[in-house]
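The values are calculated or read from the model by the stated rules, or taken from the named source; none is laboratory data. The structure presented is a predicted model; accordingly, all values stated were derived computationally and were not measured. No Cβ is skipped: glycine too gets one built from the backbone with ideal geometry, and neighbour counts run over all protein chains shown.
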Amino acid sequence: MKRRLHAMLVFAALSCLPLGAAIAAPAEDKMTFVQAERRSIELKQGMTPDDVRGLLGKPKRTALKTSGDSSQGTLQWTYSWSSPSQTDRNLQVTFVSKSPEQWLVNGWDWSSY
């Protein structure tokens, strides 16, 4: 009887692990403005898109602008937060490319700040 009870307790504890991991790791889409503001301090020129995605998550909008030379251009990622009591807050991260598929952070800006 004790073995069966012990096995049931172990099974119950192990079945809670995925739920605990989901609670401990906040979803990208649920990042608050305050969290994003704190994380944006870590932005640095020369970061890759993967670095920025790891820091801030997926952007809400993207835009690509190219110059006459198709190997150069700018990629813009926009992150947005809104609340009923405040105006929309947007963080725009700009990447530049000096060669195809090699984007690096050039700058960022908070609008409606």
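Things worth noting here:
- Test set (1) at pLDDT below 95; (2) surrounded by 10 or more Cβ atoms within 10 Å (Cβ to Cβ) - Met47 fails condition number: (1)
- Residue under evaluation Glu28, criteria (1) at pLDDT below 95; (2) touching a Phe, Trp or Tyr at 6+ places or on another chain (Cβ under 8 Å), criterion not met: (2)
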